[in-house]
Amino acid sequence: METTTIEETKRQYAYMDEARQLVAGEAARLGRPLTYHVTTFGCQMNARDSEKLSGILEMIGYLPGEEEEADLVLMNTCTVRENANQRVYGRLGKLSSLKKRRPHMVIGICGCMMQEEDEVERIRTSYRFVDLVFGTHNIFRLAQLLTEHFQNRGMVVDVWEGTNEIVEDLPAVRKYPFKSGVNIMFGCNNFCSYCIVPYVRGRERSREPEDIIREVRKLAADGVVEVMLLGQNVNSYGKTLKQPVSFAKLLQEVQQVEGIQRIRFMTSHPKDLSKELIKVMAESDKICRHLHLPLQSGSTAILQAMNRRYSKEDYLRLVKCIREAIPDISLTTDIIVGFPGETDEDFEETLDVVRQVRFDSAFTFLYSKRSKTPAASLASQVPQKTAHQRFDRLLKEVQAIASEEAKRYEGCTMDVLAEEVNRQQQGMLTGRLSNNFTVHFPADPSMIGKILPVRLDQCCGFYYLGTPAE
Ligand code: SAH
Ligand code: SF4
Ligand code: F3S
């Protein structure tokens with residue numbers, strides 16, 4: 001079962017103290033403060049991990065800086081598809097030349113790619129200039145690893161195969177002061193046959209609800225109005241706890257926290273989405289009107305080969321049920337094209353679901369063969385040309401539907417959380433509706449972090465132009 005180790009947190013704070021002195025020494029030698037830069041690939045989990053890594057780095061005295069000039073550069077990697085890996089190696093090449101000019105620079109790689117033995121081996125042999133290598137299970141150890149590197153100056157490699165530990169209460173730096181991701185669970189037990197995540201993120205582990213609520217309270221006290229609850233399959237949250245709790249119950253508790261005005265979550269697996277959750281969402285005025293519900297394929301045969309454990313009809317039934325209870329919900333999805341054995345007929349089934357459901361947006365991916373996964377050894381891999389043709393057709397369909405659907409709110413006035421200054425147009429802010437659509441509207445930057453009513457004057461494909469109401 002899960003363990004939450006207060007001792008480990010204490011140990012890591014001691015390492016942060018030690019590292020802080022070493023960093024201060026280096027800063028004195030250089031006559032300026034040291035800077036860091038974290039580059040993040042992949043999903044929201046990685047984004048949140050990077051905030052924790054940045055939190056530790058700032059705690060020990062590093063200031064944020066640009067990659068080209070930073071004294072410490074960390075790459076938090078993703079390996080869900082092959083092209084994610086290629087981007088990391090491309091970037092490593094650039095870092096190598098930077099380090100030739102500035103040899104004191106510390107370069108670290110962490111995240112999902114480093115949970116693969118072959119990749120770590122490749123770094124060890126061909127990228128000797130890398131200083132720190134660690135995985136997904138021990139990011140909380142950054143100060144310890146850095147201390148080791150400063151003391152011994154070699155490449156420090158620390159990758160764990162798995163863990164039962166959930167280390168709480170370490171520092172984190174938030175990208176936005178008014179919204180934050182909150183991990184509610186780690187890992188994944190679903191083993192969809194194409195997916196590498198269960199191998200690199202380990203077994204599913206849920207945090208105790210009290211720990212989650214404590215973190216949300218702390219965030220609210222710190223000015224956060226929106227939380228995004230994070231897990232690979234949030235619908236199975238709490239099932240492995242000593243005292244099992246459902247995700248719907250957790251949501252009910254989170255919405256009691258004073259100051260929290262919006263709650264989002266990612267990702268929902270259709271097989272575990274409960275009636276209880278739909279009811280809690282329908283009755284809530286804080287849970288956002290958005291559900292990301294990955295379809296992956298519309299063909300029941302392919303879904304079975306993917307080990308998704310629902311059929312085309314199950315998915316359509318679920319969507320109907322959700323829409324009946326929450327008519328203003330926005331549905332988005334993920335779809336994979338070219339899974340081994342996918343025939344033209346299977347692909348037509350996917351298009352059929354897309355046309356029936358009419359998603360507000362969909363992330364479409366070309367199937368990518370990942371080592372260790374069962375799908376990698378399937379004989380009937382789809383020819384690249386066929387997969388690309390299907391991908392293009394799907395993308396066109398998805399985009400056409402999404403831009404038609406977006407028009408349904410044109411002319412309405414809806415609440416918007418002002419998130420950032422619009423870099424393209426002076427005097428404009430960019431914000432987000434509860435249903436996750438973005439809106440550009442004229443307002444003062446002092447409104448950032450606030451929720452205000454905005455009239456959606458014009459729909460421009462996948463975003464709106466609006467004006468503040470009143
Ligand atoms: N836990 C989430 C998804 C995490 S990965 C879920 O179950 O929905 C994000 C998306 O990447 C997946 O939804 C899937 O569409 C895509 N993906 C995962 N493995 C892939 C692979 N081998 N090839 C192509 N796309 C993949
Ligand atoms: Fe991968 Fe499936 Fe787990 Fe999502 S649910 S992370 S697609 S194995
Ligand atoms: Fe990528 Fe790891 Fe997320 S493989 S998608 S960063 S869990």
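For the chain, what is the Kirkwood hydrodynamic radius in Å, using each pair of distinct C-alpha atoms? Provide the component values of the computation, followed by the final result.
Values: mean 1/r = 0.0419 Å⁻¹.
Answer for the chain: a Kirkwood hydrodynamic radius of 23.9 Å.
Any chance you could give the angle, 0 to 90 degrees and rounded to 10, that helix 117-126 forms with the longest Cα principal axis of the chain?
40 degrees
Taking C-beta distances below 4.7 angstrom as the pairing criterion, name the unpartnered cysteines of the chain, in sequence order.
So, 43, 78, 110, 112, 188, 288, 321, 412, 459, 460.
Please list, or write none, the aspartates and glutamates whose alpha carbon is within less than 20 Å of the alpha carbon of residue 385, excluding same-chain residues fewer than 8 places away.
82, 342, 344, 345, 346, 348, 349, 397
According to the square roots a ≥ b ≥ c of the eigenvalues of the Cα gyration tensor, what is the shape class of the range 333-470, taking rounded for a/c under 1.5, prolate for a/b larger than b/c otherwise, and oblate for the remainder?
Values: a/c = 3.48, a/b = 2.39, b/c = 1.46.
Cα axes put the range 333-470 in the prolate bin.
Checking the cross-link filter: which lysines have an alpha carbon closer than 23 Å to that of residue 286, excluding same-chain neighbours under 8 positions apart?
175, 179, 218, 249, 275, 320, 450
Taking the simple approach of a point 7 Å from Cα along Cα-to-Cβ for both residue 44 and residue 283, what is their distance in nm?
Inter-label distance under the simple model: 2.3 nm.
What translational D, rounded to a whole number of µm²/s, comes out for the range 107-243 from Stokes-Einstein when the hydrodynamic radius is the Kirkwood one over Cα pairs, at 20 °C and 1.002 mPa s?
Translational diffusion coefficient: 128 µm²/s.
Roll a 1.4 Å probe over the protein chains and send me the accessible area per residue for the range 324-408 in Å².
Per residue, the range 324-408 has 50 Å² of solvent-accessible surface.
Once fully extended, how much extra length lies between residue 316 and residue 400, figured as 0.36 nm per residue of separation less the alpha-carbon to alpha-carbon distance?
28.2 nm
Considering only protein heavy atoms and a 1.4 Å probe, what is the carbon-and-sulfur percentage of the accessible area of the chain? All intermediate terms of the calculation are to be shown ahead of the outcome.
On the way: 10630 of 21010 Å².
Percent of accessible area from carbon and sulfur atoms in the chain: 51.
How long is the gain from residue 369 to residue 125 if the chain were fully straight, where each residue apart is worth 0.36 nm and the alpha carbon distance is subtracted?
Using 0.36 nm per residue and subtracting the Cα-Cα distance, I get 85.4 nm.
What base-10 log of the normalised intensity I(q)/I(0) is obtained for the range 401-470 from the Debye formula, alpha carbons as equal point scatterers, at q = 0.11, 0.12, 0.13, 0.23 Å⁻¹?
Scattering profile of the range 401-470, log10 relative to I(0): -0.21, -0.25, -0.30, -0.92.
Computed from the mean reciprocal separation of all distinct C-alpha pairs, what Kirkwood hydrodynamic radius does the range 12-61 have, in Å? Don't jump to the answer; show the numbers that get you there.
Values: mean 1/r = 0.0837 Å⁻¹.
Averaging 1/r across every pair of different Cα atoms and inverting gives 11.9 Å.
For the range 1-104, with every protein chain kept in place, what is the accessible area per residue (1.4 Å probe, Å²)?
49 Å²
Out of all DSSP beta bridges with both ends in the chain, state the antiparallel percent to the nearest 5. Show your work: numbers first, answer last.
Values: 24 of 68 bridges.
Close to 35 percent.
Taking amide H positions as placed in the peptide plane 1.01 Å from N, state which residues far from residue 265 in sequence (5 or more) or on other chains have amide H under 5 Å from it.
Amide H neighbours of residue 265: 229.
Using Cα centres only, tell me the gap between the range 327-385 and the range 249-291 in whole Å.
Answer, in whole Å: 27.
Taking the alpha carbon gyration tensor of the range 233-353, what are the square roots of 5 times its eigenvalues, largest first, to the nearest whole Å?
30, 16, 11
Among the aspartates and glutamates, which have Cα under 12 Å from the Cα of residue 242 when same-chain residues fewer than 8 positions away are ignored?
2, 208
Could you rank the peptides 354-361, 332-339 by their average count of other C-beta atoms within 10 Å per residue, with the highest value first?
Details: 354-361: 17.5, 332-339: 21.6.
Per-residue Cβ counts within 10 Å, averaged per peptide and sorted highest first, yield 332-339, 354-361.
Using the 2.2 N^0.38 Å rule of thumb for compact globular proteins, work out how the range 300-367 stacks up: its C-alpha Rg over that value, please.
Numbers: Rg = 12.4 Å, N = 68, 2.2 N^0.38 = 10.9 Å.
Normalised Rg, Cα atoms only: 1.13.
Per residue, how large is the accessible surface of the range 142-290? Use a 1.4 angstrom probe and give square angstrom. Walk me through the intermediate numbers first.
Details: 6020 Å² over 149 residues.
Roughly 40 Å² per residue, with all protein chains present.
Specify the inter-centroid distance of the range 206-240 and the range 39-82, based on alpha-carbon positions, in whole Å.
Spelled out, the Cα-based centre of one part sits 22 Å from the other.
Taking +1 at the Cβ of each Lys and Arg and -1 at the Cβ of each Asp and Glu, which of 389, 437, 364 sits farthest along the dipole of the chain towards its positive end, judged by Cα position relative to the Cα centre?
389
The values are calculated or read from the model by the stated rules, or taken from the named source; none is laboratory data. Since the structure is predicted, the reported quantities are computational estimates derived from the model, not experimental observations. So basically every Cβ, Gly included, is an ideal-geometry build from the backbone, and we count neighbours across all protein chains shown. Note: accessible area is taken over every heavy atom of the protein model, side chains too, but ligands, DNA and RNA are not part of it. Shrake-Rupley method; radii C 1.70, N 1.55, O 1.52, S 1.80 Å.
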